[in-house]
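Below is one structure; the comments refer to it alone.
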C-alpha cells in the first residue's frame with residue numbers, strides 16, 4: 001500500500017513541477033513580449049491561472065500525507081497516547097468527510113462547466129475544477145490510511161527545512 005501511495009504522490013509532485021514551469025515560462029514570455037516587443041500573449045493570464053490552480057490542489061494531498069499543514073497540537077500533546085490516537089482518528093474522519101463534500105462540489109462544478117469554453121484556451125472551464133476533484137480524492141485516500149494507522153504522519157525536518165518527498 002505504501003508503494004502505491006508513494007507512486008501517486010510522485011505523480012502529483014510531477015504535475016506540480018510541470019505546472020510551476022508553465023507558470024514561470026508563461027509569465028516570463030508574456031513580460032518579454034509585452035515590454036520587449038510591445039505585444040503580450042493573449043492566453044498568458046488564463047494559462048498561468050489554470051496552472052496555479054492545478055499546482056495548488058495537487059499539493060494539498062501531499063501536505064496531508066506528510067502532516068505539513070498547519071496543526072495546533074498543544075491539547076493533543078498533553079493527553080495520553082490512547083486519547084491522542086482517538087483524537088487523531090476523529091479529526092482524520094472529519095477532514096475526510098469535508099474532502100468528500102469538496103469532491104462532490106467539484107463534481108457538480110465539473111458537470112456544470114464542461115460545456116463552457118475558456119476565452120483564450122481551447123478547453124472547457126471544467127479544467128479549473130478537475131484538480132480540486134483529484135486533490136480531494138487523493139486526500140481522502142491518505143486520510144483513510146492515516147485513520148487506519150491511528151497516528152499522524154511524522155513531520156520530517158532537516159536543517160529547519162521540511163522535505164517534500166522521502
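Bear in mind that the values in this text are calculations on the coordinates, not laboratory data. Model, not experiment: these values are computed from the prediction. With ideal geometry, Cβ positions are generated from the backbone for all residues, glycine too; neighbour counts draw on all protein chains shown.
When the helices (runs of 4 or more DSSP H) confined to segment 1-85 are screened for residues that are farther than 24 Å from residue 142 by Cα and out of contact with any strand residue (DSSP E or B) (no Cβ under 8 Å at 6 or more places or on another chain), those reaching at least 1 such residues are found at 2-37, 44-66.
Conditions (1) surrounded by 12 or more Cβ atoms within 10 Å (Cβ to Cβ); (2) over 21 Å from the mean Cα position of the chain (by Cα); (3) under 28 Å from residue 153 (Cα atoms), marked per residue:
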| position | (1), (2), (3) |
| --- | --- |
| 60 | yes, no, yes |
| 68 | yes, no, yes |
| 74 | no, yes, yes |
| 85 | yes, yes, yes |
| 102 | yes, no, yes |
